1. With a ≥ b ≥ c the root eigenvalues of the C-alpha gyration tensor of the stretch 88-131, is it rounded (a/c under 1.5), prolate (a/b larger than b/c) or oblate?
2. Quick one: how many lysine pairs in the chain have C-alpha atoms under 27 angstrom apart, if they're 8 or more apart or on different chains?
3. Binning every alpha carbon pair distance of the chain at 10 Å from zero, what are the percents per bin?
4. How much net charge surrounds C127 when only the other residues with a Cβ under 13 Å from the Cβ of C127 are counted, with Lys and Arg +1 and Asp and Glu -1?
5. What does the C-alpha gyration tensor say about the overall shape of the stretch 111-183? Classify as rounded when a/c is under 1.5, otherwise prolate if a/b is larger than b/c, or oblate.
6. Restricting things to alpha carbons, find the Rg to Rh ratio for the stretch 1-55 using the Kirkwood radius for Rh.
7. Report the Cα centroid-to-centroid distance between the stretch 79-109 and the stretch 50-77 in angstrom, as an integer.
8. Not counting the cut sites, what is the longest span of the chain without GluC sites (Glu not before Pro) that DSSP labels loop and that have at most 16 other Cβ atoms within 10 Å?
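Please treat every number below as a calculation from the coordinates, not as lab data. Not measured: the values here are computed from a predicted model. For neighbour counting, all protein chains shown are included, and Cβ atoms are generated from backbone atoms with ideal geometry for every residue, glycine included.
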Amino acid sequence: MNIAVFASGTGSTLQTLIEQQEVQGYHIQLMVANRDCPAIARAKGKHIPTLLSTDWDVIDTALHTHNVNLIVLAGFLAIIPSWICEKWDKRIINIHPSLLPKYGGKGMYGIHVQEAVLQANETEAGCTVHYVSADVDGGEIIAQSRIEILPEDTPHTLSQRVQVQEKKLLPRILGELSKQHSK
Ligand code: GAR
C-alpha cells in the first residue's frame, strides 16, 4: 500500500511512520506540507519526495503521479476541501488527539485539545484514527486508544502520554489497512 503523509509541524508522527513502514507493510511515496515545517526535513533526510503546496489541484496531481493509495494526515493543520474528501472518499485517514466525537472540530488541535479535556474534568483521554470527510473530525471512526487521566496531569504531560498512544495506534491501523489492500 502506497501512502502520502501530510504534516504541518514537527513531524514526530511522520518519523514513527517512517520507522514502521517495513514492518507494517506500507510505503511512504510522498510527504505533503502546507507550510514550511520541520517535518519536511525529516522526509528529505529519508529521501522521501516532498511537496510544499496549498494548491489542491497540484497536490491531487502529485498524489496520482506517486501512485498513492491512501492519504494519512499526521498533524496536518489545514482543512481538506470537500472535493478532495469526495474524490478520496475512504482513502484519507487522520489521527486526532481526543476520543472523538468529543474535542474535535475547529480550534481543536495539539495542546488545545488536552487543555479542553482537563478543563472539563474528564477522567479519560485518548486518540482516534478516523476516515476524513467534509465534516471536520466527523468522519467514520476506525479505532481509538484510551488512557486514564492522572491527578498530576498538565496539558503538556497529557499531550505527551496521548502521543505515545497515537504512535502505537496509527502504524497498527496502517498495517491492518495495508493487509486489506493487498487482499
Ligand atoms: C499529533 O499529536 C496529532 O494528533 C495532532 O498534531 C500532532 C502532530 O505532531 N493532530 C491534530 O491535532 C489534528 N487535529 P507531530 O507534528 O509531532 O507529528
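1. It comes out prolate by the Cα gyration axes.
2. Taking the Cα cut-off of 27 Å, the pair count is 23.
3. The distribution over the chain is 10, 39, 37, 13, 2, given as percents.
4. Neighbour charge sum, excluding C127 itself: +3.
5. Since a/c reaches 1.5 and a/b is larger than b/c, the shape of the stretch 111-183 is classed as prolate.
6. A ratio of 0.94.
7. So the two Cα centres are separated by 15 Å.
8. So the longest stretch without any such site is 1-139.
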